[in-house]
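Student: Structure incoming, see below.
The values are calculated or read from the model by the stated rules, or taken from the named source; none is laboratory data. Quick caveat: nothing in here was measured; it's all calculated off a predicted structure. Cβ: placed from backbone, ideal geometry, glycine included. Neighbour counts: every protein chain shown. All accessible areas refer to the heavy atoms of the entire protein, side chains included, with ligands and DNA or RNA removed. Shrake-Rupley method; radii C 1.70, N 1.55, O 1.52, S 1.80 Å.
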Amino acid sequence: MKKVIYWLMGEKAGRSLVGMWNWMWGLPVESGGKVAVEVAEQSLQSMQESVQKLATAVATQVAAYERAKQKYEAKIKEMQTFERQAAIAQSSGNEEAARLAMSKVIQIEQLLPQLEVQVQQAEQYVRASKEKLNRERMKLEEYKTDMQNMKDLAEINEALGTIAKVNSDMDISSARYQFEEAKSAVQRRNLQQNALAELSENPSERIQADLEKMTQDDEVSRRLQMLDSSKPKQLP
């Protein structure tokens, strides 16, 4: 499956997609590598988009709350206006107009408690949404800082990996160990061959050879002495 994705999208984009897929399904991401950083960046981007959507939703709630609040305040002013009209009509002796204005005041009074509750609820919702938005923004800033720290740490891990690879490629101690092992093997081989040579030699034959050599030496010395004694003596 991975090979197909790499072939279709390229290795870099493919590895990012596979890493994100593993992250979504709770599978382990490459520990400390570039794929983990790419997955974190994509996750951070998703969080930024979510916070932006939340900010838009909060703005919509605030606008709705402001409209409800304005409507409530407008109803209060409208009720006050009808109260003044009723008072003026009554003072002018216009009983019918006074009664009509006062009936409207009563209708608004009956509506105001319901509007007040709705405005208070809207205010609570807006306050809670703003607090949530502030928390999410703070978390997002923390994640941004973590993202930068993660990038720095990933670069350090890559540098350490490069150092380890160089040390592995130039492992002089390993070569020195191999040389010493070869030297010891040669020395052991030499001792083994000497021992085999000594064991392969017959002691009786060696003694016999020594005796024959000694006899031959004695015979040579005797013949030389005979030559000396057989030389004619020179007259003085």
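Student: Of (1) surrounded by 14 or more Cβ atoms within 10 Å (Cβ to Cβ); (2) out of contact with any helix residue (DSSP H, G or I) (no Cβ under 8 Å at 6 or more places or on another chain), Tyr125 satisfies all except one. Which?
Tutor: Against the list (1) surrounded by 14 or more Cβ atoms within 10 Å (Cβ to Cβ); (2) out of contact with any helix residue (DSSP H, G or I) (no Cβ under 8 Å at 6 or more places or on another chain), Tyr125 comes up short only on (2).
Student: Within the range 124-147, identify whether any single residue is in a loop (DSSP other than H, G, I, E, B), at pLDDT below 85 and out of contact with any strand residue (DSSP E or B) (no Cβ under 7 Å at 6 or more places or on another chain), and answer yes or no.
Tutor: no
Student: To continue, here is another question. Can you pull out every residue in the range 92-126 that is under 14 Å from Ala74 (Cα atoms) and in contact (Cβ under 8 Å) with a residue 40 or more places away in the chain?
Tutor: Residues satisfying the conditions are Leu112, Leu115, Glu116, Val119.
Condition check ((1) assigned to a helix (DSSP H, G or I); (2) touching a strand residue (DSSP E or B) at 6+ places or on another chain (Cβ under 8 Å); (3) farther than 30 Å from Asn134 by Cβ; (4) open to solvent by 80 Å² or more (accessible area, probe 1.4 Å)) across all residues:
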| residue | (1), (2), (3), (4) |
| --- | --- |
| Val58 | yes, no, no, no |
| Tyr72 | yes, no, no, no |
| Lys77 | yes, no, yes, yes |
| Gln85 | yes, no, yes, yes |
| Gln90 | yes, no, yes, yes |
| Ala98 | yes, no, yes, no |
